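In what follows, a single structure is set out as structure tokens and then discussed.
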Amino acid sequence: MAGKIVADTLEHSTAGSIATNYVVEGSAKALIDFDGAASTTVDKSLNISGLVDNSTGNFTISLSSSFDSADYYFIAGTAGSEGAAINAATLFGQFDNSARTSSQIQCESWLTNTGNARTPYYLDNCDAVWFGDLA
Amino acid sequence: MQTPSFKGTHLFDRLCWAKENLDGVQSDYRVVYEDSIDECAKILVPDPNWMACALQGGILPPVWVYWELAKDEAQPDFKKHTRGYLLHQTEPMPAMTEEEAIEYLIQKDVPQHVWQNWDSGNKPKMVICKKQQLPQTREWRNSWRISDELAA
């Protein structure tokens, strides 16, 4: 690709310097923003190949460019509007660690009521970010 | 837009180029499959940026690359991928039609035991359909099954 800069360190005039490996290794390697309610569609993404709707609120997300192992950072959250409508907290996160590979992860979205009962539920705004080293 | 010559370029860099330069393509296709008799039907939704890459050509690696990496990862002594270069060094796939892209995605993201034997048994284990053919509400989602009427 054109416009390539090769550098090991970035230095600011007053704020100091940082090794570029922190920049490269510290940037997100995959992103997804999807609507888990209604017709299940991916709204925004990077490095995602597909989304499997497994059952109520349960999804498997697949990556295009795999990580070097299943040992990566996965951060997920939701702002599903359903929770506010029925006075419950909404959660979205990893579901089953045994299903986690370098290129797939299984997630679930839930509603949690005041008694802390957790119910799988379709939420309309699920987001996730991956960090780590790619293969 | 012409795809740059990407052979040897890290796949992630190609995907970043595509994200910057290609409009996402929301496919109407869905893949419905059953991989266990105890579970409801699952529905594969293609990612719009991935679909744009498939239609553009010159970005995605051949699907066998993913099978090779999956084989490595299934080894009991697997620690880290050592053949990630297959993703980056292998000649990228040419432009695909939307239908070819769905076939590729099935072979990448659906369990092999499903797509290799999709038509064995009493009824199909996998169906490609349009999203309009799916139930329009999520009622009884955990009871959804591929219709027995498709067995004919």
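The spacing between the range B:86-120 and the range B:132-148, judged by their C-alpha centroids, is 25 Å. Label-to-label distance, B:Val63 versus B:Asp28, with points set 7 angstrom from Cα along the beta-carbon direction: 2.3 nm. Packing-based ranking of A:42-52, B:138-148, B:27-37 yields A:42-52, B:27-37, B:138-148, ordered from highest to lowest mean Cβ neighbour count within 10 Å. Summarising the strand pairing of the protein assembly as shown, around 100 percent of its internal DSSP beta bridges are antiparallel. You can think of it this way: the chain between B:Asn122 and B:Thr97 has 5.9 nm of extra reach, that is 0.36 nm per residue less the Cα-Cα gap.
Between the listed residues B:Gln133, B:His113, B:Ile146, the Cα displaced farthest toward the positive end of the dipole of the range B:105-149, a dipole computed from Cβ unit charges relative to the Cα centre, is found at B:Gln133. What are the lysines whose alpha-carbon lies under 16 Å from the alpha-carbon of B:Lys130, with same-chain residues fewer than 8 places away excluded? Straight-line reach from B:Lys130, under 16 Å: B:Lys42.
Taking the alpha-carbon centroid of each part, what is the distance from the range A:4-82 to the range B:13-69 in angstrom? Between the Cα centre of the range A:4-82 and that of the range B:13-69, the gap is 16 Å. Counted by Cβ distance under 13 Å from A:Ala30, the other residues give a net charge of -1, where Lys and Arg count +1 and Asp and Glu count -1.
Shape class for chain B, computed from the alpha carbon gyration tensor (a ≥ b ≥ c): oblate, with a/c not under 1.5 and a/b at or below b/c.
Across the cross-link table entries A:Lys29/B:Lys19; B:Lys71/B:Lys123; A:Lys4/B:Lys7; A:Lys44/B:Lys80; B:Lys7/B:Lys80; A:Lys44/B:Lys108, which are compared at the Cα atoms, the separations over 19 Å belong to B:Lys71/B:Lys123; A:Lys44/B:Lys80; B:Lys7/B:Lys80; A:Lys44/B:Lys108. Residues of the range A:54-81 with an amide N closer than 19 Å to a point placed 7 Å from the Cα of B:Gln89 along the Cα-to-Cβ direction: A:65-69. Taking 7 Å steps out from each Cα toward its Cβ at A:Thr41 and A:Lys4 produces label points 3.9 nm apart. Modelled this way, with points 7 Å down the Cα-to-C-beta line, the labels at A:Asp71 and A:Asp96 are 2.4 nm from one another. Rounded to the nearest 20, the size of the Cβ-charge dipole of the protein assembly as shown about its Cα centre is 80 debye, with Lys and Arg at +1 and Asp and Glu at -1.
Bear in mind that the values in this text are calculations on the coordinates, not laboratory data. This is a predicted model, so every value here is computed, not measured. For neighbour counting, all protein chains shown are included, and Cβ atoms are generated from backbone atoms with ideal geometry for every residue, glycine included.
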